[in-house]
Amino acid sequence: MHKTLGVSLGLAVLLASGGAMAGKDLDAIKAKGHVVCGVPTGTAGFALADSQGKWVGLDVDVCRAVSAAIFGDSEKVKYVPLTAQQRFTALQSGEVDMLSNNTTWTLTRDTALGFDFGAVTYYDGQAFMVSKKLGVKSAKELNGATICVQPGTTTELNLADYFRANKMTFKPVVIEKVEEVRAAFFSGRCDVYTNDSSALYSTRVANVPAGQSPDDYIVLPEIISKEPLAPVMRHGDNQFVDIVRWTQYAMIEAEEYGITSKNVDEMLKSENPAIKRMLGVTPGMGKALGVDEKWAYNIVKLVGNYGESFDRHVGKDSILKIDRGLNRLWSQGGLQYAPPIR
Amino acid sequence: MRNTLAATAASIVAFITSSTAMAGKDLDAIKARGALNCGVGIGTAGFMLADSQGKWRGLSVDVCRAVAAAIFGDAEKVKYAPLTSQQRFTAVQSGEVDIVMGNATWTLTRDTALGLDFTGVYYYDGQSFLVPKTLGVKSARELGGATVCVAPGTTTELNLADYFRANKMTFKPVVIEKVDEIRAAFFAGRCDVYTTDASSLAATRAANVPPPRTFDDFVILPEIISKEPLGPVVRHGDSQFADIVRWALYAMVEAEEHGITSKNVDEMLKSDNPAIKRILGVTPGMGKALGIDERWVYNIVKQVGNYGESFDRNVGKDSPLKIDRGLNRLWSQGGLQYSPPFR
């Protein structure tokens, strides 16, 4: 137990109102009536426009949740599909308010580009896909394997490091184009295909050739590199950055407390002080963020908690069937952890 | 593998960095002063305590030392200001200190309405249970029916009730207001269990066990039942300084992950591993991105050590507290300590 804030609150109010930069992006978003969200051009499970043109995915849910927190309506979002080359320029120029674009949080991007990253929405990282026939359950059993990899990438370096660290050897099959790497793997030219875990799962369902099924392939459990994906905002409006950051944390915290889109109305009657605070039954959190006290209620009601969003788009209820792995809650062996909402 | 930023981004960057009026104002003041003003707690063994020569030591103190090493190349360019829990946020808001390392829990209210930023988590604390070894208990799940000493009206008391209810166990509370009296009641055997934050339990076990019993007669159970993430606190308004504080802590974590220690860091300068070359500034870029010397991480690790070294020395196995790494292990070893990549 640590002491909660005391006298300093008075000064805080003064600072918040006196900070010239506070809220300028938020004010513009409110005036427009929607959040402009930069998303990938199309990545199954993360961001994809369906046949009606409606965007769905784990990245899309982050935008929807921010909209729910600000407007009480998860659909006040304008989606702008951006390539990896376009995305940072679009954010810096103000064309979009935020990116939810499978962007890895790195030092350079967090500093010199003038950006802030929100909380990690998906801990990605390099993994290995093999044919089930190989009879391998762990990357530690890949000694001597032939491995398909793209040249000149961190992927190639991580691969060499991992095998060296585990005193194993491998034969690289280096192919530049992603379509050709996949074709080489599925035709059996290599035992293993290595890339980011999310990309492997996506390849498994979307690119498996006719006559074979996704079930003929498995992604091994080891994650050998760090690719933490997080929303990105410009420097200059701490209030908006805070709203995006705590929106993600609210989804995680809701899962931790067992609050779902289905039971959130019942949860309003909970006597648990933490749940009462989060859902705004006990006011304070909304005021601190400068949004409606029902912000977290609206997020969970309209979008769901983190686990619901994960399962629906990339996890067990989706075609990708990605294991929660590192994205389990901290209390269940994963890395997803929200600071307390109080 | 993801594409790195394109040339277009780089040119806009230069523009944004130079045109943002607020960037670097706190950093400029720190450089002009020649020292980092670091607010610490009044004194918590292992985290921040002045020794008999008046030299501040501890895990929290090491984060300030790391920031000074990053900015000045010298971990000792720090002026410490002891602050109470009541004073600490006001002191950083007013500019009296640049950073607070006062074992403050990162919460929503503090992160938002106070105009402050938490830049990471240097210690995942949380509520746990201390028991005498004679109780013969290895897990909190075995505490059904126990008598538990706890302070009243705190989140600690609520968490205790929640945990037992969730695990379908009962307990008898012994509620005592003053911390010295709770400890006395526990050591006198008035309760089987003492519950508060794990770091406090470790300090109690190291400093307050009445003879003839010793440290080794008591054990902290492995379960952590609440979240008290302790982070460095800076004020809004200078993103560059906030970034330096954020990445100074990550540098300690990343160094541990790559096996770079205060002892081998000079040899590591010769490593062929591209990640290590980037981290240590052999391949330049990271220092420039932060606006500091390219040898910033080298200086942190050489003078302060990596996260594991600091943890072990101050609160872990080489310290009187002997706190288990637990949640503070690296992510690759089952813990929560994770640094975004240095690139």
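Just a few scattered comments:
- The GluC sites (Glu not before Pro) of the range B:118-219 that DSSP puts in a loop, and whose beta carbon has at most 15 other beta carbons within 10 Å, are B:E177.
- P(r) histogram, all alpha-carbon pairs of the range A:126-225 included - 5 Å bins from 0, percent: 2, 14, 28, 29, 19, 7, 1, 0
- Tensor-based shape of the range A:168-207 (alpha-carbon gyration tensor, a/c under 1.5 rounded, otherwise prolate or oblate): prolate
- Listed pairs A:K140/B:K317; A:K137/B:K133; A:K287/B:K168; A:K226/B:K263 exceeding 32 Å between Cα atoms: A:K137/B:K133; A:K287/B:K168
- Cβ-Cβ FRET estimate between A:D50 and A:E266, R0 fixed at 25 Å, reported to 0.05: 0.20
- Average other protein chain Cβ within 10 Å of Cβ, residues B:101-108: 5
- Check: chain B dipole with +1 on Lys, Arg Cβ and -1 on Asp, Glu Cβ, in debye: 220
- Only one residue of A:A90, A:V232, A:L220 has its Cα farthest out toward the positive end of the dipole of chain A, where Lys and Arg carry +1 and Asp and Glu -1 on Cβ, and that residue is A:L220.
- Most mobile listed residue (A:M168, A:M129, A:M285) in chain A, GNM with C-alpha springs under 10 Å: A:M168
- Taking amide H positions as modeled 1.01 Å from N, with prolines and chain starts lacking one, the residues under 5 Å from A:V173 and 5 or more places away or on another chain are A:I147, A:C148, A:V149.
- Trypsin sites (Lys or Arg not before Pro) within the range B:153-222, DSSP loop, no more than 15 other Cβ atoms inside 10 Å: B:K168, B:K178, B:R190, B:R213
- Per residue of B:329-342, other chain Cβ atoms within 10 Å of the residue Cβ number 4 on average.
- 3J(HN,Hα) from dihedral phi, the range B:146-163, Karplus parametrisation 6.51/-1.76/1.60, rounded to Hz, x for glycine, proline: 6, 8, 10, 7, 8, 7, x, x, 10, 4, 4, 5, 5, 4, 4, 4, 4, 5
- Within a Gaussian network of chain A (alpha carbon springs, distance under 10 Å), most fluctuating of A:N102, A:N327, A:N158: A:N158
- All Cα pairs of chain B, percent lying beyond 38 Å: 22
- Cα lying deepest toward the dipole's positive end in chain B, options B:G326, B:F311, B:N103, charges on Cβ: B:G326
- Dipole in debye (nearest 20) - the range A:126-225, about Cα centre, beta carbon charges: Lys, Arg +1; Asp, Glu -1: 280
- Expressed to the nearest 5 percent, the antiparallel share of DSSP beta bridges inside chain B is 55 percent.
- Restricted to Cα atoms, chain A shows a radius of gyration and a Dmax of 21.7, 69 angstrom.
- Cα lying deepest toward the dipole's positive end in chain B, options B:I71, B:I225, B:G58, charges on Cβ: B:I225
- Expected 222 nm ellipticity per residue - DSSP helices of 4 or more, -39500 (n - 2.57), all of the protein assembly as shown, to 500: -10500 deg cm²/dmol
- The Kirkwood radius of the range B:127-226, taken over pairs of alpha-carbon atoms, gives through the Stokes-Einstein law at 10 °C and 1.306 mPa s a diffusion coefficient of 119 µm² s⁻¹.
- Total formal charge among the other residues, if their Cβ is under 15 angstrom from that of A:D215, Lys/Arg +1 and Asp/Glu -1: +3
- Dipole magnitude of the range B:127-226, debye to nearest 20 (Cβ charges: Lys/Arg +1, Asp/Glu -1, about Cα centre): 240
- Considering only the range A:126-225, percent of DSSP beta bridges that pair antiparallel, nearest 5: 55
- Most to least packed among A:289-296, A:265-272 [average Cβ atoms within 10 Å]: A:289-296, A:265-272
- Each Lys or Arg adds one and each Asp or Glu takes one away; over the other residues whose Cβ falls under 15 Å from the Cβ of B:D98, this sums to +3.
- Computed over the range B:208-343, the quotient of the alpha carbon radius of gyration and 2.2 N^0.38 Å is 1.23.
- C-alpha center-to-center spacing [the range B:259-282, the range A:236-266] in angstrom: 39
- Residue with peak Gaussian network fluctuation, chain A [Cα springs, cutoff 10 Å], from A:P273, A:P228, A:P283: A:P273
- Share antiparallel - DSSP beta bridges, the protein assembly as shown, percent rounded to 5: 55
- Cα shape, the protein assembly as shown, gyration tensor, a/c 1.5 rule: rounded
Only the coordinates and a few stated rules stand behind these numbers; no lab work does. Keep in mind it's a predicted model, so treat the numbers as computed, not measured. All Cβ positions, glycine included, derive from the backbone under ideal geometry; neighbour counts span all protein chains shown.
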